[in-house]
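The values are calculated or read from the model by the stated rules, or taken from the named source; none is laboratory data. Bear in mind that the values here come from a model prediction, so they are computed numbers and not experimental data. When we count neighbours, we look across all protein chains shown, and the Cβ atoms used for this are built from the backbone with ideal geometry, even at glycine. Surface areas here come from the heavy atoms of the whole protein model, side chains and all, with no ligands, DNA or RNA. Shrake-Rupley method; radii C 1.70, N 1.55, O 1.52, S 1.80 Å.
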Number of protein chains: 2
Amino acid sequence: LISIVPVEGLPAIRAGDDLGALIAAAAELRDGDVLVVAQKAVSKAEGRVVRMDEIVPGEEALRLAGDRDLRQTQAILDESVRIVRERDGFLIAETRHGFVCGSAGVDASNAPEAGMLVLLPLDPDASAERIRRSLGARVGVIVSDSFGRPWRLGTTDVAIGVAGLRPLLDLEGRRDPTGYELHSTLIAVADEIAGAAELAMRKLAQVPAAIVRGLDFGGEGNARELIMPRQRDLFR
Amino acid sequence: LISIVPVEGLPAIRAGDDLGALIAAAAELRDGDVLVVAQKAVSKAEGRVVRMDEIVPGEEALRLAGDRDLRQTQAILDESVRIVRERDGFLIAETRHGFVCGSAGVDASNAPEAGMLVLLPLDPDASAERIRRSLGARVGVIVSDSFGRPWRLGTTDVAIGVAGLRPLLDLEGRRDPTGYELHSTLIAVADEIAGAAELAMRKLAQVPAAIVRGLDFGGEGNARELIMPRQRDLFR
């Protein structure tokens, strides 16, 4: 049995907050739990926000923004190493971390104040590790964000930061009941855990974390392992 | 609290089996549960398998197969309306249903016998509805399959068939705590539920179903809603 428990009663997160300590005070974590924390809360605690009125849009922003806000487009470009697709001002970008997502993860919703944009953490794996250390219990930590996908509508939450958990489960070489050897069976369990936690979070009610209990994925790993190596990527 | 309960003790699934009745006998379903059933089990119950030695590869298979099995490549082409990407015999295809996935969902693992390939159900939404009707309880049903994603390693389970459940949660127009109106916030909850259930399934131990309990997504819907409309698709 696996259970997903929302972490309720957290205060509004401010820059400088020790998110791990706040969560440890609000929730009863047990060894073996996986704690999933929404990126927005992590970014706010780390002060990864920009004021829109401090952004000066450049030429590329002018060219790409369409009907959208020029300064927000500039913020997206600042967070990106490459624009993968664009249409009518909507940008799908590769971030400095190597994630490909809408708007390079830059978002105006749930910002600390109106007129602010929230950016992805500089190093989400380090964020996960930092949270993990201040929790006290032997848990895995995932920093999650909502990503869109080609060909399918809607977002699902995925892992952009991981600590204390192997993000991929490799069934390679194991055999099914008929003796057929499974190959290329690599399961992105960290992404499935992030999505499961999302089901228990309430984006509108300041529940930015959930505990997934009863899993059996220990070990060590990070979210960089989830990025498709360039040479295997058919969609660059 | 959300819980994920594997459905254990199911027999090996054979063509003609009433999968809903088998699951209802093995598990205690409650009103409001979402039952997730792995596509492989659904396809086997529906007899959606082909014997490799009955497949005659054509010219396109010869051209595309690379080092891979010619007859399996032909089976993939038979299930596809369009090849989206190909490299060294690995095909990413659009299926007749409109799903884009590796090998058009054709798979040799967990087949009823060696030398057989399992195909996706002809109409997975109808499969989900059929299972739902034979369960007795007022539950949602998802038929799940493991899909790869561009840019990210590993598969996550997604919903290819849905009944008794709205697959998308639309937060459009709702406001965050600072008053910012959320737009384009569409969450693919059916895919997150499918992924959550995968965490409790054991691909190698004949546990092809899991119950997700404690969700609050009722209504009606189908998995076709999860397919990105062609005119919005930046990755055709």
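Against the numbered list (1) in contact with an Asp or Glu (Cβ under 9 Å, 6 or more places away or on another chain); (2) closer than 21 Å to residue B:158 by Cα, residue B:23 comes up short only at (1).
Considering segment B:159-177, the residues that are assigned to a strand (DSSP E or B) and small (Gly, Ala, Ser) include one that is farthest from the other protein chains (Cβ to nearest Cβ), namely B:163. Is it true that residue A:99 is surrounded by fewer than 20 Cβ atoms within 10 Å (Cβ to Cβ) and among the aromatic types (Phe, Trp, Tyr)? No: the conditions fail for residue A:99.
Which count do you get for residues in segment B:217-228 that are touching a residue at least 12 places away in the same chain (Cβ under 8 Å) and in a loop (DSSP other than H, G, I, E, B)?
The qualifying residues number 6.
Residues in segment A:200-236 that are over 19 Å from the mean Cα position of the chain (by Cα), open to solvent by less than 30 Å² (accessible area, probe 1.4 Å) and either more than 9 Å from chain B (Cβ to nearest Cβ) or closer than 20 Å to residue A:96 by Cβ (or both): A:233, A:235.
Residue-wise test of (1) surrounded by 14 or more Cβ atoms within 10 Å (Cβ to Cβ); (2) assigned to a loop (DSSP other than H, G, I, E, B); (3) touching a helix residue (DSSP H, G or I) at 6+ places or on another chain (Cβ under 7 Å); (4) at pLDDT 95 or above.
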{"site": "B:9", "(1), (2), (3), (4)": "no, yes, yes, no"}
{"site": "B:12", "(1), (2), (3), (4)": "no, yes, no, no"}
{"site": "B:20", "(1), (2), (3), (4)": "yes, no, yes, yes"}
{"site": "B:24", "(1), (2), (3), (4)": "yes, no, no, yes"}
{"site": "B:28", "(1), (2), (3), (4)": "no, yes, no, no"}
{"site": "B:36", "(1), (2), (3), (4)": "yes, no, yes, yes"}
{"site": "B:44", "(1), (2), (3), (4)": "yes, no, no, yes"}
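If the condition is being open to solvent by less than 70 Å² (accessible area, probe 1.4 Å), in a loop (DSSP other than H, G, I, E, B) and at negative phi, then segment B:54-88 contributes B:55, B:57, B:58, B:65, B:69. Pairing each residue of segment B:44-57 that is closer than 19 Å to residue B:71 by Cβ and of a type in the set (S, T, N, Q) with any residue that is modelled with pLDDT of 95 or more and open to solvent by less than 40 Å² (accessible area, probe 1.4 Å), provided the two are 6+ apart or on different chains, yields no C-beta distance under 8 Å.
Please specify each residue of segment B:103-158 satisfying the condition of being within 24 Å of residue A:223 (Cβ to Cβ) and either away from chain A (no Cβ under 14 Å) or small (Gly, Ala, Ser) (or both). Those that are within 24 Å of residue A:223 (Cβ to Cβ) and either away from chain A (no Cβ under 14 Å) or small (Gly, Ala, Ser) (or both): B:144, B:146, B:148, B:154.
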